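Worksheet: the structure to be examined is printed underneath.
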Amino acid sequence: LVCLVFDHYMVFITINFVNGQYLMCNTCNSLPLHSLYSPNSLGILTAFFIGESFKYCPSSVASARSSRFSRADGCFQHVQMTAFAKLSRYFRRLVNFKHMDFEFAIWQMLYLLVSPQKVYRNFMYRKRTKDQWARDDPAFLVMLSAALFLSSVLYAVSLWLSFTGFIKFFLWVVFVDCIGTGILFGSAIWFFCNYFLRRTSDQDVEWGYCFDVHLNAFFPVLIFLHVILPVVYPFARSITLLGCIVGNTLWFVAISYYIYITFLGYAALPFLKNVHFFLYPFTFFFISYVAILTLQWSISDAIIDFYRYRIGH
């Protein structure tokens, strides 16, 4: 029995030698460790699941593999899990808050605004250690849901919505604007990447990862359009031209964030080619932004009217 300490977490691992070449490690009584996603962690023992087994590969073999990705990348390699098994484990953790790393989820949200490349670097660490690109911790989804609720309250106050109107608005934002568009965009991009952008056929893009990329890109959109816009727009609206510039600029910045973070998400996958394709919509939206400003048409006014219409306010 070996006891390892990572920051303020303690992990107990049983280690067995097999033929003098490999180690079989089983973890027990451990907590989720967001520090394991960091390259500055303890080095050789950098990943594990509770109650799951891993094989240790010798350093010579590991170094030979370090220059390329494989379906069992990283030093520790656990048994391949089906998509259904991963989904089942994800939903089991969704109802167990003690197994969620909210501190790391908040860290991701902050860096999605200031340095999204670091967030996707952690996705690569997860692939190397847990052999999956998609998140296995639902803490980010829970925190995003909480942010959607608070921003919906802010919008309800700004639009003078009743309690029933607030509930309708919140449900629309969560199940249509966030989850619905995520399923639609994620499925379309998943199909496109797997059939047209893969370099080799031995690896494929996970659907869960496509949905995670959407959630990552959606968070800055939420901040700009559901937090900043309701606060500043009522004051800027008193001056028609200023309100048009402020509202349209916030929309353009939010869409630009969505496009850029989506691009970074698929650029992080080493087996995809021509990922610059995801940057093409930026040119279209920039031209549209300039044209709309020239016409002095306010997108924010149109969207707010649409919000009122769909909740019957």
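The values are calculated or read from the model by the stated rules, or taken from the named source; none is laboratory data. Note that this is a predicted model, so its numbers are computed, not measured. Neighbour counts run over all protein chains shown; Cβ positions are idealised from the backbone, glycine included.
Some values worked out for this structure:
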read-out	value
Residue under evaluation residue 219, criteria (1) modelled with pLDDT under 95; (2) closer than 18 Å to residue 259 by Cβ; (3) in contact with a helix residue (DSSP H, G or I) (Cβ under 6 Å, 6 or more places away or on another chain), criterion not met	(1)
Selection from the range 122-177 of residues that are touching a strand residue (DSSP E or B) at 6+ places or on another chain (Cβ under 8 Å) and of a type in the set (Asp, Glu)	131
Residue in the range 173-181 that is touching a residue at least 12 places away in the same chain (Cβ under 8 Å), buried (at least 19 other Cβ atoms within 10 Å of the Cβ) and either assigned to a loop (DSSP other than H, G, I, E, B) or touching a helix residue (DSSP H, G or I) at 6+ places or on another chain (Cβ under 8 Å) (or both) present	yes
Residue in the range 182-196 that is buried (at least 18 other Cβ atoms within 10 Å of the Cβ), without any contact (Cβ under 8 Å) to a residue 24 or more places away in the chain, in the same structural domain as residue 274 (by TED's automatic domain parsing) and in a helix (DSSP H, G or I) present	yes
So residue 129, is it of a type in the set (S, T, N, Q), on the phi < 0 side of the Ramachandran plot, in contact with a Gly (Cβ under 8 Å, 6 or more places away or on another chain) and assigned by TED's automatic domain parsing to the domain that holds residue 301	yes
Residue satisfying all of: in the range 197-214; in contact with a helix residue (DSSP H, G or I) (Cβ under 6 Å, 6 or more places away or on another chain) and aliphatic (A, V, I, L, M); surrounded by the fewest Cβ atoms within 10 Å (Cβ to Cβ) among these	205
Flag if residue 234 is in the same structural domain as residue 134 (by TED's automatic domain parsing), crowded, with 16+ Cβ neighbours inside 10 Å and within 30 Å of residue 153 (Cα to Cα)	no
Answer residue from the range 270-313, given it is hydrophobic (A, V, I, L, M, F, W, C) and outside any helix (DSSP H, G or I) and is farthest from residue 170 (Cα to Cα) among those	271
Test result for residue 161, touching a residue at least 12 places away in the same chain (Cβ under 8 Å) and either touching a Ser or Thr at 6+ places or on another chain (Cβ under 7 Å) or outside any helix (DSSP H, G or I) (or both)	yes
Pick from the range 110-124, criterion farther than 14 Å from residue 220 by Cα and among the hydrophobic types (A, V, I, L, M, F, W, C), ranking: surrounded by the most Cβ atoms within 10 Å (Cβ to Cβ)	123
Enumeration of residues in the range 129-143 that are in contact (Cβ under 8 Å) with a residue 40 or more places away in the chain, buried (at least 21 other Cβ atoms within 10 Å of the Cβ) and part of a helix (DSSP H, G or I)	129, 130, 140
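Per-residue answers, yes or no, for (1) without any contact (Cβ under 8 Å) to a residue 40 or more places away in the chain; (2) at positive phi; (3) not in a helix (DSSP H, G or I):
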site	(1), (2), (3)
201	yes, no, yes
215	no, no, no
221	yes, no, no
230	no, no, no
241	no, no, no
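Residues checked against (1) charged (D, E, K, R); (2) out of contact with any Cys (no Cβ under 9 Å at 6 or more places or on another chain):
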{"site": "189", "(1), (2)": "no, no"}
{"site": "206", "(1), (2)": "yes, yes"}
{"site": "216", "(1), (2)": "no, yes"}
{"site": "229", "(1), (2)": "no, yes"}
{"site": "241", "(1), (2)": "no, yes"}
{"site": "259", "(1), (2)": "no, yes"}
{"site": "267", "(1), (2)": "no, yes"}
{"site": "273", "(1), (2)": "yes, yes"}
